[in-house]
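Let me begin by presenting the structure, written as structure tokens, before commenting on it.
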């Protein structure tokens, strides 16, 4: 900040200085190019000013020059491309073991849900020094979760989860902006990311979440909505046993194999017919319109929490076909 | 004839030559090229819808099979036959204009129009049938069968693609009508009949779009058995 | 060349051939149609500019205190739609291109004069629809119409605006079609492809994009309209649709669209730099082929607008690489223009000032494009004012300056009069200063984190916004001046004569204003473009001053 004017965002995450380094490189290269072109133009414009007694010299061109100023910029561009790709790849590869927080965006607010149960509106408390991964969806239109101090941004889409991750390095309060135009109060869909020392963060966590953890909420929903009727924890159910499914490959009835990630679980609840597990019939009803995005998040977290010892084969959950309809 | 008069006849404008062209050949080449460029824009226009179709087909293949089975195979096949015949009569009409056979030209153009109208009639009956079965996307959509939601997507694309196609058929029929009228008035000669050729190009394009639509919409289930 | 203040007894030319409104509204003369376009787009330029002023006024303070939030959203939406579809896309092709393309190739008119007139009527109808939208409540989707916002969450005139742009798109398609056929088929004897002015090459490349790209915009808008009215469901996630499909379809056109907007301007600049350096363009073939390369490569980069939209990592990398590729031909052009000035004989008439301004500002805007092609940086700056600054540097600092450049350069040919040179240079300077003051701070505020399309913003961005608004008022003055003095020149301007610049090109070999059929006799071309050595052959004495 310079006299109250923000000329550069704060550097509050690991990604910040990584991105700034690339940006400064681009600035330097561009600055040099601008200086070069502008000086050449000024020089030529004055040196070769129209004057009596001198005609212009007609020059066709020069293959050597054309090659030079095609290849050299392109080489520099390759450097920019590779560097940019590395930064991007890093930003899109959350490390294993990152703590996960869910975000549900709606016109015009951010609802964040910690796994421990804490819910926030337009605020996100996170501990410093830890990898944090956000799993986000929208209830309505496309939004975008933007934290300038972290140099990260990710569109938040309806109908699916998108993810982003960051690693805060400085405690403080930083702007959170919606960065995809979403209607009337797009500019009001702002908030703060509050980075705390780990001890303070634990304290803050302990202070809320009266409804219990997210997966506990999910478990309750699982019972209330009747999911448990078909998705039994044995092989007798009309639906696959969900224990240990999350994160593993799943064989579908059309021969494809997909990984059971958050999007898969969510889609299985809202559009069950899209992907049917091999060996099962497409009889699951859709819960679209019956469960809210926040409830879906709880259900996803619940399914995630259903653990099983490691398996090396794709889970196909193929039971013997029931001879009598389940009660 | 006096020499001067011969000169005047030779230098006079051939009938149908527009003043900004230097000769009939340039005019003909320009107008043909113009029609080809226009058809390329039409390819891009339909291309967007074909892209959407391909994306969703790869995502919801099962539903596409079910949706295709819900189509009326015979209506689709009949329409394909109708349009192919209409392309034949159109091509013959172009030939007639090249040879200066005025009567044949007009008759063939009118037959082409009749085929076009037949196509639209079949389409209308087909649309009506879908409408009665609530197979029109929107709040009142209803489909008896699995994958209802994705079948609605299939029908969305069906209505959009065939709808735009039928609109192009209609425009074609109207234009052929005008061409038939001018042809009856004797405006086209072997030396100057480019309009007929260009309209023929347009009609063949419309036919070609249908030839792609037909298997993509009507024949999916016939190549892969539905489980 | 006659320089008398009183014109000699009037010979017939395209302006005085027929009088009366019917002779204008039913004309098929490409020159008159060009002027019809000039009037239409100038009107819309001021409409769009008015919206811009309101936006900048609102942004003087962090709070939203001038207009309502919804109003602000309508302002930036319609500013974008009007400026892009009703000004930038038609500007050089439909005004200067329509006027000059046939003349530059030695033809009497375009290939399809009636379609040319129809194109204008299409834009007029589209414009009337747009005006209707503006006057009866507006539209607030953002010019990008993203779904599902525009299909299911807004109650403004979305469909009408979509129809207006759909129709405007066809105006653009038909202009492009006309140019392609004209350039292929109607060149005068001896006017080979290698002798064409670069203005023609640029407009040819532009026309290819118009013809191939615009139909995809048409289908995108049609699908949005269908989804809104009939709930077709193609983009609705609740029906299994994908909002990203819309983005792909939309940007498949809208990225090449930016090349539709800039390529003709580059063509103008090539011709003007050559004239005011008295030299043929350095590397003519490279500049010509660079135009075609930009047109082709421009179709391969659309998803660089979607790096944070949810596309796959690998798709993002491919599009980033291709985006760097498309930067190369633009860089080649900038270098070639600069090299053209080397050992030239340079004068600083108004067109040249605008052309030099173009090179500087387009370079800056284009360089910031490199920032955006870098995936890591784009994630931070996309959807911020950095992007707004980037495209305004290219569109306004580049394209609008190129348009002004062309208007001033060819004004004598179009009207038979000279504009007042002193005022011309003053306006160019005011525009250059005002422009930089308006848009440079936006780079800073964008990187600092200010998102775009924000009615209210965090107070730490205020000072930069105030600077930007100050610049905008200066810019407005700069644009008003030419309006005034061009009109003034129609009556009081110096008589121009056939070729006041002693410029190369077939258009300068006929009278100003030209006769309706352009040339008394069809020219036969036996020389290359930019034959300034021939044109300046009278300048005797020393050939070139010794260097050093």
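The numbers here are math on the coordinates, done by the rules we state, and not lab data. Everything quoted here is computed from the prediction, not taken from an experiment. Ideal geometry is used to build each Cβ from the backbone, glycine not excepted, and the neighbour counts take in all protein chains shown.
Packing order of peptides C:80-93, C:115-128, C:44-57, highest average first: C:80-93, C:115-128, C:44-57 (average count of other Cβ atoms within 10 Å over each peptide's residues). Extending 7 Å from Cα along the Cβ direction at residue A:98 and again at residue C:421 yields two label points whose distance is 6.3 nm.
If R0 is taken as 22 Å, the Cβ-Cβ distance between residue C:520 and residue C:121 corresponds to a FRET efficiency of 0.10. Between residue A:199 and residue A:225, the C-beta separation translates, for a Förster distance of 45 Å, into a calculated FRET efficiency of about 0.70. Would you mind checking the stretch B:52-94 for residues with the amide N under 17 Å from a putative spin-label position 7 Å along Cα→C-beta of residue B:148? Correct set: B:63-64, B:66-67, B:70. Within chain A, the ratio Rg/Rh, alpha carbon atoms throughout and Rh by Kirkwood, equals 1.15. Between rounded, prolate and oblate, where does the stretch A:214-305 land on the alpha carbon gyration tensor, with a ≥ b ≥ c its root eigenvalues, rounded for a/c under 1.5, else prolate if a/b exceeds b/c? Cα axes put the stretch A:214-305 in the rounded bin.
Using the rule -39500 (n - 2.57) for each DSSP H run of four or more residues, divided by the residues of chain B, the 222 nm mean residue ellipticity is -27000 deg cm²/dmol.
Calculated from DSSP H runs of 4 or more alone, at -39500 (n - 2.57) each and per residue, what is the 222 nm mean residue ellipticity of chain C, nearest 500? Don't skip to the answer; put the middle values down first.
Working: 18 runs with 340 residues, N = 548.
Mean residue ellipticity at 222 nm (helix-derived): -21000 deg cm²/dmol.
Going 7 Å from the Cα of residue C:480 along its beta-carbon direction, which residues of the stretch C:393-424 have the amide nitrogen within less than 18 Å of the resulting point? Under 18 Å, as judged by backbone N against the label point of residue C:480, lie C:423-424 of the stretch C:393-424. Averaged over the residues of C:274-285, the number of partner chain Cβ atoms lying within 10 Å of the residue Cβ comes to 4.
Placing dummy labels 7 Å off each Cα toward the beta-carbon, the span from residue C:492 to residue A:290 is 8.0 nm. Among C:394-401, C:469-476, A:251-258, sorting by the average number of other beta carbon atoms lying within 10 angstrom of each residue, highest first, gives C:394-401, C:469-476, A:251-258. Sorted on the mean count of surrounding Cβ atoms within 10 Å across their residues, most packed first, peptides A:25-32, A:132-139 read A:132-139, A:25-32. By other beta-carbon atoms within 10 Å, ranking B:221, C:277 with the fewest at the front produces B:221, C:277. Computed across the stretch A:143-237, the Kirkwood hydrodynamic radius from all distinct Cα-Cα pairs reaches 16.9 Å. Inter-part distance, the stretch C:91-117 to the stretch B:81-132, computed on C-alpha centroids, equals 37 Å. Across the stretch A:50-183, the mean sequence separation of Cα contacts (distance under 8 Å, 6 or more residues apart), normalised by length, yields a relative contact order of 20 percent. For chain A, the mean residue ellipticity at 222 nm estimated from helices alone is -11000 deg cm²/dmol, where every DSSP H run of n ≥ 4 contributes -39500 (n - 2.57) and the total is divided by all residues, rounded to the nearest 500.
Between residue A:36 and residue A:76, the contour length at 0.36 nm per residue exceeds the alpha carbon distance by 12.9 nm.
A P(r) calculated from all alpha carbon pairs of the stretch C:177-310, with 5 Å bins opening at zero, reads 2, 10, 16, 16, 15, 11, 9, 7, 6, 4, 3, 1, 0 percent. Peptide C:522-534 is shielded by partner chain Cβ atoms: per residue, an average of 1 of them sit within 10 Å of its Cβ. For chain A, the longest principal axis of the alpha carbon atoms and the long axis of helix A:214-224 meet at an angle near 40°. One chain, two ends: residue B:19 and residue B:219. Fully extended at 0.36 nm per residue, the span grows by 66.9 nm beyond their Cα-Cα distance.
Got the relative contact order for chain A handy, in percent, Cα pairs under 8 Å and 6 or more residues apart? Before the final figure, lay out each step's value.
Values: 534 pairs, mean separation 48.7, N = 327.
Result for chain A is 15 percent.
If R0 equals 22 Å, the separation of the Cβ atoms of residue C:65 and residue A:109 corresponds to a calculated FRET efficiency of about 0.50.
Could you tell me which of rounded, prolate or oblate describes the protein assembly as shown, using a ≥ b ≥ c as the square roots of the eigenvalues of the alpha-carbon gyration tensor, with rounded for a/c under 1.5 and, failing that, prolate when a/b is larger than b/c and oblate otherwise? Could you put the intermediate results ahead of the total?
Working: a/c = 2.33, a/b = 1.32, b/c = 1.77.
Judged from the Cα gyration tensor, the protein assembly as shown comes out oblate (a/c at least 1.5, b/c at or above a/b).
When every Cα-Cα distance of the stretch B:111-227 is counted in 10 angstrom steps from zero, the calculated P(r) takes the values 11, 34, 27, 16, 8, 3, 0 percent.
Sequence gap at least 6, Cα distance under 8 Å: using those rules, report the relative contact order of chain C to the nearest whole percent.
RCO, chain C: 19 percent.
Could you give the semi-axes, largest first, of the ellipsoid that matches the stretch B:24-222, computed as the square roots of 5 times the alpha carbon gyration tensor eigenvalues and rounded to whole Å?
37, 17, 12
Shielding value for A:133-144 is 3, the average number of Cβ atoms from other chains within 10 Å of each residue's Cβ. In nm, to one decimal, how far is the modelled label at residue A:139 from the one at residue C:18, with both set 7 Å along Cα→Cβ? About 6.3 nm separates the two model spin labels. Paramagnetic label reach from residue C:531 (point 7 Å along Cα→Cβ; backbone nitrogen cut-off under 16 Å): within the stretch C:191-235, residues C:191-198.
Taking the longest Cα principal axis of chain C as reference, the axis of helix C:462-492 is set at about 30 degrees.
Once you have a ≥ b ≥ c as the square roots of the Cα gyration tensor eigenvalues for the stretch C:253-333, tell me rounded if a/c is under 1.5, and otherwise prolate or oblate according to whether a/b is larger than b/c.
Details: a/c = 3.71, a/b = 2.57, b/c = 1.44.
Judged from the Cα gyration tensor, the stretch C:253-333 comes out prolate (a/c at least 1.5, a/b above b/c).
A Cα-only calculation for chain C places Rg and Dmax at 23.2, 79 Å.
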